[in-house]
Amino acid sequence: MQAENERIKSELAAKEAELTTIEAEKEAHKLASIEEMVNSFNVKEEDKAATIELAKVNFEAVKNMLSKQSVKEPVKVFDFKNVVTKKGSEDRSSWTIRDWEKKDAKGLEVIRNSSPETYENMYNEFYKKQK
């Protein structure tokens, strides 16, 4: 009877180890799913760790919250070398903001609206040098 008891204890220990392994794999898979979900949305770097921890507790709530989040458009960089005109494509990379103001004010407005950082750099480069 003691030998049978030892055999059962041994089997129980093996099954507990197997269960621990399965739970660890399940946890790793869950964490990978959470990280994939958080990375697929536009979550700030400093908020990612907290969002992942919250998702570990309530995955569906975080998924629902993130799905309602508006996705930011990537910042557009204006392509000065391929400006499309009525005559075709034109390279305007050497133009200053003043050239744009005189020759293509509508194009300058497009730059201002679609790429404000580029517009600001052009403005500062030209007008700050004038002073």
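All of the numbers you see were taken from the coordinates with simple rules; none came from a lab. The structure presented is a predicted model; accordingly, all values stated were derived computationally and were not measured. In this analysis, Cβ positions are derived from the backbone assuming ideal geometry, glycine residues included, and neighbour counts consider all displayed protein chains.
Things worth noting here:
- Pairs of lysine residues in the stretch 2-67 - Cα separation under 17 Å, sequence separation of 8 or more or cross-chain: 8
- Crossing angle, helix 2-40 versus the chain [Cα axis fit, 0-90 degrees, rounded to tens]: 10 degrees
- Dipole magnitude (debye, nearest 20) for the chain, charges at Cβ of Lys, Arg, Asp, Glu: 1300 debye
- Listed by chain and number, the lysines placed with their C-alpha closer than 25 angstrom to that of Lys129 are Lys81, Lys102, Lys103, Lys106; residues fewer than eight positions away on the same chain are left out.
- Taking every Cα-Cα distance in the chain and sorting them into 5 Å bins starting at zero, the pair-distance distribution P(r) comes out as 2, 8, 12, 11, 7, 6, 7, 8, 8, 7, 6, 4, 3, 2, 2, 2, 2, 2, 1, 0, 0 percent.
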